[in-house]
1. Yes or no: A:Ser440 closer than 24 Å to A:Glu365 by Cα, more than 7 Å from every other protein chain (Cβ to nearest Cβ) and touching a residue at least 12 places away in the same chain (Cβ under 8 Å)?
2. Would you pick out the residues in the stretch A:352-386 that are in contact (Cβ under 8 Å) with a residue 24 or more places away in the chain, aliphatic (A, V, I, L, M), touching a strand residue (DSSP E or B) at 6+ places or on another chain (Cβ under 6 Å) and surrounded by fewer than 20 Cβ atoms within 10 Å (Cβ to Cβ)?
3. Pull up the stretch A:346-401, narrow it to residues that are β-branched (Val, Ile, Thr) and part of a strand (DSSP E or B), then point me to the one that is nearest to the other protein chains (Cβ to nearest Cβ).
4. Six or more apart or on different chains, Cβ atoms under 6 Å: show the pairs whose first residue is in the stretch B:188-206 and more than 9 Å from chain A (Cβ to nearest Cβ) and whose second is surrounded by 19 or more Cβ atoms within 10 Å (Cβ to Cβ).
5. Can we say A:Arg473 is among the basic types (Lys, Arg), more than 12 Å from chain B (Cβ to nearest Cβ), part of a loop (DSSP other than H, G, I, E, B) and in contact (Cβ under 8 Å) with a residue 12 or more places away in the chain?
6. So which pairs qualify, if the first residue must be in the stretch A:120-140 and touching a residue at least 40 places away in the same chain (Cβ under 8 Å), the second must be acidic (Asp, Glu), the Cβ gap must be under 6 Å, and the two must be at least 6 apart or on different chains?
7. For a quick check of your reading of the model, give me the residue pairs whose first member lies in the stretch A:251-274 and is more than 22 Å from A:Val192 (Cβ to Cβ) and at pLDDT 85 or above, whose second is of a type in the set (A, V, I, L, M, F, W, C) and part of a loop (DSSP other than H, G, I, E, B), with beta-carbon atoms closer than 8 Å and at least 6 apart or on different chains.
8. Return the only residue of A:Asp11, A:Asp64 being within 29 Å of the chain's Cα centre (by Cα), among the charged types (D, E, K, R) and exposed (fewer than 15 other Cβ atoms within 10 Å of the Cβ).
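The values are calculated or read from the model by the stated rules, or taken from the named source; none is laboratory data. All values reported here derive from a predicted model rather than from experimental measurement. Cβ coordinates were reconstructed from backbone atoms using ideal geometry, including for glycine residues, and neighbour counts include every protein chain displayed.
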Amino acid sequence: MSKTPLLKIKDLTVTYPCGPEGKDEFKALDRVSINLSTSQIIGIVGESGAGKSTIGKAVLGLLDPPAKVVSGDITLLDKPLIGLSEEQYTSIRGEEVGYIYQNPMTALNPVLTIGEQVIEAIEANTSMRGKSAYKHAIGLLEQSDVSFAEDRLKKYPHQLSGGLCQRIVFAIAIAAKPKLIIADEPTTALDVTVQQSVLQTLIKLSKQEQVAIILITHDIGVVAETCDYVYVLKNGKHVEQGVTSSVLQRPTQDYTKALMASVPLIEKRLHRFALNQQDNAEDTSAGLQYLRAKEKSETLTKDPILEVCNLSKVFITPSSMFKPKDLFTAVNNVSFTVNRGETVGIVGESGSGKSTIGRMILGLEDITEGSVIYRGKDLKSIIDNKERQKHCLSMQCIFQDPYSSLNPRMSAGENITYGLKAHKLIDGNKAKSLAQDLMSLVGLKKQDADKLPHAFSGGERQRIGIARALSYRPDFIFCDEPTSALDVSVQASLLNLLKDLQEQFSLTLLFVSHDLAVIRQMCDQVIVMKDGESMEMNTNENIFKQPKSPYTQSLLSAMPVFNP
Amino acid sequence: MSKFIEKLSILGETLKPIFSGHPIAIAGLIGFILFVFIAVFAPWIAPQNPYDLMVLDIMDGLLPPLSKLGNGTTAWLGTDAVGRDILSTVMYGLRLSLFVAFMAVAIGTSIGVVLGLLAALKGGWVESVIMRAVDLKVSFPGILLALMMLAILGTGVDKIIYALIIGVWASKARLTRSSALSEMKKEYIDAAEISGLPRWRIMLHFLLPNSIAPVLVMVPMSLSGCIGAEATLSFLGVGVPITEPSLGLLIANGNDYLLSGKWWISIFPGTVLVLLVLCINVVADRVREHNNPYLKSQDQQ
């Protein structure tokens with residue numbers, strides 16, 4: 001490439017002091033080098049803890065203390081950036097380098113209008129004042145594809161959608177015509193359909209304004225669609241770099257290969273993700289035996305285990321002194337059946353009511369209208385408390401947020417078996433060995449049963465959550481976005497685990513996700529939801545190959561596609 | 001016994017990160033422990049039992065500090081009008097002051113925590129009744145409420161504990177409710193509900209241990225507040241009975257002699273009161289700082 005280098009990062013090492021009295025240090029970045037030429041879009045990919053965001057912050061001198069740059073150089077247009085004073089940095093931030101944050105709703109100041117914030121950015125970084133700044137603000141918003149630009153300037157951030165807010169953040173970032181924009185996960189907080197158009201705006205801006213962009217993301221699909229060149233990082237170390245298509249399709253390093261193998265594909269449904277998993281050294285037979293010993297009172301035919309009929313949920317905000325009664329229909333007249341041993345997926349964007357359905361089935365929310373028939377019995381009709389309890393315990397849930405779904409004051413083992421002990425389904429000394437058996441079944445170490453939840457990573461906690469659900473020998477598990485808080489490779493191994501468990505114990509899963517590719521990999525039947533209504537319901541193949549409803553089609557076309 | 005030592009070492013481990021590197025807080029903690037020790041063992045370490053009329057001699061009355069008493073012992077801090085050794089009265093007074101404050105805080109906090117948890121868990125009219133009661137209490141000046149209570153109940157150690165409890169429970173209930181409400185949004189509570197656990201189990205084993213931290217941080221501060229309030233009430237003469245004087249009452253006793261140059265009768269109990277409250281406040285401040293994530297990050301820099 002003959003383009004002049006814009007930004008050069010050479011052997012950058014950033015450390016955090018840690019341990020007692022800060023004697024040890026943790027290397028957030030370890031000799032990472034990046035080159036960037038004018039109006040190039042490069043992607044920095046990696047899982048959590050890879051040090052992606054640290055690069056962006058280091059360029060702008062925004063590292064949170066006690067992190068510090070130990071060695072290496074950063075040069076922007078032949079100007080060294082390391083060691084600048086706060087004042088010198090201020091003149092670079094905004095004027096030469098713009099920054100785009102992950103969550104647009106928190107990046108904007110909620111008590112100022114959009115206009116005040118955009119104009120403030122213009123006046124701080126350019127010589128424009130008053131009328132001309134105002135006109136420039138309108139121009140910037142139009143460039144960032146914000147419709148009704150002049151009206152929007154008078155609005156407050158909470159009055160606009162997430163996608164619009166992110167476009168306004170773009171407008172602020174390009175206010176002073178910077179040469180480089182660092183975008184830190186700019187579309188992670190947005191829905192797929194919005195993500196698509198926001199990314200297009202970003203690419204357009206880069207071309208029009210001749211801005212180079214560093215796109216920091218964990219989403220391989222986003223990189224495939226936007227970036228020319230990509231760097232792969234792992235634990236602060238550089239793994240691989242190259243032209244996007246060649247790195248993604250013909251990765252040379254083992255880590256990159258594994259990463260690509262764990263990205264869920266929309267093209268075809270795989271039996272399992274091809275991970276080179278280490279063999280589970282633990283003995284899982286005891287756990288298997290426990291789960292297989294469930295009462296075989298019911299035949300394992302393919303009869304419907306769960307029928308949901310005309311289910312509706314209306315949330316009522318009661319009238320108060322200041323506001324009249326407010327009704328919000330979260331779920332509107334949804335019906336479906338789930339057959340034994342099958343996985344049914346519910347996919348939809350945020351606010352589509354997909355989680356609410358599951359919460360109603362589990363009895364965490366009251367049902368406004370309709371009925372849930374589980375194992376041939378309407379849950380409302382069971383009056384006897386004991387029978388109801390037995391009925392309900394065979395329905396379990398795996399939650400979305402691994403950081404809040406375990407009781408932080410109980411050890412992993414106690415979290416798993418507390419409920420059984422409380423119901424006197426097992427006595428105290430057996431509980432401990434059962435917890436260990438279940439932990440080894442979900443791929444954790446037996447001896448870790450005594451540790452508290454904070455000693456585990458997100459993926460491990462999610463496994464504890466699965467073990468807790470399994471402890472009741474359930475027939476039916478509701479999975480509420482179980483992998484959305486996790487890295488792709490962790491997600492892949494967890495999805496593999498769920499598939500294994502399902503095969504071994506003929507579990508029935510209701511799988512909720514916003515991620516079409518995950519649904520594609522996991523589910524036999526798929527329900528597409530929007531604003532509380534079911535738009536389409538069909539088999540996996542039909543939904544993804546011949547989508548009928550226009551909404552499904554738009555969802556599919558908005559998915560960032562990655563084809564290895 | 002070994003269990004007790006184990007518990008003690010766990011306590012030590014939790015205290016270490018809070019206090020290490022903060023010499024003033026450590027001094028406060030040591031001072032507080034010293035005061036508690038004196039209070040607990042006062043009957044054994046005090047030079048005389050100031051309320052045993054057999055050992056008092058009216059001839060020893062109003063002696064300045066370091067004087068010799070009739071029976072040959074030294075009154076290090078002087079004596080009062082009826083010949084009681086001030087050092088001993090201060091020790092006994094400290095005992096009563098701390099006892100009253102500890103009881104009031106322990107009972108008041110327990111009531112507040114239980115009510116706060118109930119309000120969060122039950123919601124509906126239970127919550128309304130409890131929280132309106134809290135509002136009602138908080139909208140009243142605490143000392144006035146205590147004065148009214150004592151006017152109705154009469155004086156006595158038990159009565160003043162009741163009066164102080166009224167002052168303690170409300171803020172605890174409010175804090176527990178808000179922290180329990182934010183815990184209840186978390187998914188582990190949902191998981192417990194799906195498991196069909198009874199409400200009392202969810203309350204006791206899931207909500208309580210996870211929402212009590214901010215309340216515990218408040219405890220030392222209420223303790224010093226209660227000591228101060230009790231001293232005020234006793235000084236005003238509506239607190240503890242004259243036969244069992246606390247620090248506040250001792251200060252009031254010496255008040256009449258202050259202008260005639262007999263300063264020691266009031267000054268020594270007053271000094272002890274100030275030091276005690278200061279020690280507790282220093283500890284309380286440190287504990288609060290340690291638990292505040294915003295102050296914490298500044299702390300590390």
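1. The answer is no for A:Ser440.
2. Correct list: A:Ile373 only.
3. Among those residues, the one meeting the criterion is A:Ile398.
4. B:Ile202/B:Ala192; B:Met203/B:Leu117; B:Met203/B:Leu121
5. So A:Arg473 passes the test.
6. If the second residue must be acidic (Asp, Glu), the pairs left are A:Asn125/A:Glu95.
7. A:Ala258/A:Leu275; A:Ala261/A:Phe273; A:Ala261/A:Ala274; A:Ala261/A:Leu275
8. The unique qualifying residue is A:Asp64.
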